[in-house]
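Quick notes on the structure that follows.
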Amino acid sequence: MAERRVPGLDREQITAAAVELLDEVGLEAISTRRLAAALGVRAPTLYWHVRNKDELLDLVAEAICADAFAIDETAPWREQLTSGLHQFRRLVSSHRDAATLLRRRPPTGPHRLRHIETTMRILSAAGLPESEIGGVTALLAAHVLNSVAEEQPVIGAARAAADSEEWPTLRRVGPAMPRSAEDSFELGIQILLDGIAARLAG
């Protein structure tokens, strides 16, 4: 017997439940069967609303990025980008495995594309050549996602080894290394923006 559409169940409800499931069990454990159980329906019922798991994950990615950036367009380009990058990081940090999800699924929905449009608009208004805008936009997004996904394993491991005389440079530099993931993120932003400023000046 064919599965019937459940009255009242819609994509918005499914997406909200999927975001909750992501926070609860993580990206690798999400399945349509588990989501259906959370919604109190059978798995085939979901396919009235979403074609497959990839479409479901795209909806989750869109939901995570639903909040638009509040950016003062009259501010200098550097301040606009700094504000946008910090806001993006807060969005991604607010959900379990969100950074991994956004790295895996291509941006096809309006919310994610709006974030890309915002970054490209700022870079274009600053005077960056159009041939470089796409690459720089991707680089800035990657910095945000990597900073959330990795949460300082490299720095933590390096600091743990800093007492060894076998690594003299590491031992010398260790005390000056960033103390938190947020500090590392901010350092990365400033280095990236310095590079953009140098290209604009050149």
Checklist entry - For the subset of region 99-140 comprising residues that are small (Gly, Ala, Ser) and not in a helix (DSSP H, G or I), which member is farthest from Gly26 (Cα to Cα)? => result Gly127
Checklist entry - Within region 74-89, is even one residue at pLDDT 95 or above, touching a helix residue (DSSP H, G or I) at 6+ places or on another chain (Cβ under 8 Å) and exposed (fewer than 14 other Cβ atoms within 10 Å of the Cβ)? => result yes
Next on the checklist: If Val148 meets every condition in (1) surrounded by fewer than 20 Cβ atoms within 10 Å (Cβ to Cβ); (2) of a type in the set (Val, Ile, Thr); (3) more than 20 Å from Leu200 (Cβ to Cβ) apart from one, which number is that one?
Outcome noted: (1)
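Condition check ((1) in contact with an Asp or Glu (Cβ under 9 Å, 6 or more places away or on another chain); (2) assigned to a loop (DSSP other than H, G, I, E, B); (3) more than 30 Å from Gly195 (Cβ to Cβ); (4) not assigned by the TED database to the domain that holds Phe185) across all residues:
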| position | (1), (2), (3), (4) |
| --- | --- |
| Thr15 | yes, no, yes, yes |
| Glu20 | no, no, yes, yes |
| Glu28 | yes, no, yes, yes |
| Leu35 | no, no, yes, yes |
| Trp48 | yes, yes, yes, yes |
| Glu55 | no, no, yes, yes |
| Val60 | no, no, yes, yes |
| Leu85 | no, no, no, no |
| Phe88 | no, no, no, no |
Checklist entry - Filter region 36-60 for residues that are over 19 Å from Leu102 (Cβ atoms) and touching a helix residue (DSSP H, G or I) at 6+ places or on another chain (Cβ under 7 Å); which is surrounded by the fewest Cβ atoms within 10 Å (Cβ to Cβ)? => result Arg42
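The values are calculated or read from the model by the stated rules, or taken from the named source; none is laboratory data. Model, not experiment: these values are computed from the prediction. Reconstructed Cβ throughout: ideal geometry from the backbone, glycine too, with neighbour counts over all protein chains shown.
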